[in-house]
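K.L.:
Got a structure here, written out as structure tokens. Questions coming.
Just so it is clear, none of the values below were taken in a lab; they were calculated from the coordinates. This one's a predicted model, so the numbers in the text were calculated from it and none came from an experiment. Glycine also receives a Cβ, built like all others from the backbone with ideal geometry; neighbour counts cover every protein chain displayed.
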Amino acid sequence: MVKDNRYPILIIFAVLWIIADQASKAAIVRNIPLYDGFAVIPFFNIVHVRNYGAAFGFLNNPESSWQFWFFVFVTMAALGIILHFMRKMPYSKILSFGFACILGGAAGNFIDRVRLRYVIDFIDLYYKEWHWPVFNIADIAICFGTFLVAYIFYKSPDR
């Protein structure tokens with residue numbers, strides 16, 4: 001019988017994502033002036049920007065106050081949904097890790113949003129003149145976790 005350690009997986013890996021996210025953002029703020037940056041390799045820059053919206057700049061409007069409360073509500077709802085699924089779903093290490101990634105990423109951006117009223121973004125991927133919206137470690141965690149959860153649901157439709 002496999003030991004059901006879904007909650008330790010959720011907590012440990014969510015906290016690791018939060019630490020990685022917040023440490024990377026602190027390093028950016030400490031070392032790179034706002035709207036400045038540098039090239040890492042030909043398709044990858046590090047830049048310091050503020051995102052008042054959601055992932056990848058969606059709804060990025062610094063003049064809007066309703067967005068803050070909207071994103072607080074969405075984050076709280078996501079937390080509730082994750083905890084509900086964690087409790088109801090059959091145990092799976094991959095599923096628990098996927099939820100931990102989503103939770104850690106959401107919490108990392110939530111910390112910025114509550115503390116600063118915006119999220120610090122700094123990863124700029126581009127090809128020639130086309131740039132993907134700037135993002136951060138928390139966004140990577142959310143996307144990776146969503147992929148893992150979707151994969152588990154796809155491979156096990158009965159879930």
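K.L.:
Looking at region 68-89 only, could you name the residues that are over 20 Å from ARG6 (Cβ atoms) and of a type in the set (Phe, Trp, Tyr)?
P.N.:
The answer is PHE68, TRP69, PHE70, PHE71, PHE73.
K.L.:
Also, I was wondering about something else. Criterion first (touching a residue at least 40 places away in the same chain (Cβ under 8 Å), assigned to a strand (DSSP E or B) and over 21 Å from ARG30 (Cβ atoms)) does TYR126 satisfy it?
P.N.:
Values: touching a residue at least 40 places away in the same chain (Cβ under 8 Å): yes; assigned to a strand (DSSP E or B): yes; over 21 Å from ARG30 (Cβ atoms): yes.
Answer is yes for this residue.
Matching residues to (1) assigned to a helix (DSSP H, G or I); (2) closer than 21 Å to LEU116 by Cα; (3) over 16 Å from the mean Cα position of the chain (by Cα); (4) among the aromatic types (Phe, Trp, Tyr):
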site: ILE18; (1), (2), (3), (4): yes, yes, no, no
site: ALA23; (1), (2), (3), (4): yes, yes, no, no
site: TYR35; (1), (2), (3), (4): no, yes, yes, yes
site: PHE38; (1), (2), (3), (4): no, no, yes, yes
site: VAL47; (1), (2), (3), (4): no, yes, yes, no
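K.L.:
How many of the residues in region 1-25 are among the acidic types (Asp, Glu) and surrounded by fewer than 17 Cβ atoms within 10 Å (Cβ to Cβ)? It would help to see each step written out before you state the result.
P.N.:
Keep residues of region 1-25 that are among the acidic types (Asp, Glu), which gives 4, 21.
Restricting the remaining residues to those that are surrounded by fewer than 17 Cβ atoms within 10 Å (Cβ to Cβ) gives 4.
Residues flagged as among the acidic types (Asp, Glu) and surrounded by fewer than 17 Cβ atoms within 10 Å (Cβ to Cβ) within region 1-25 amount to 1.
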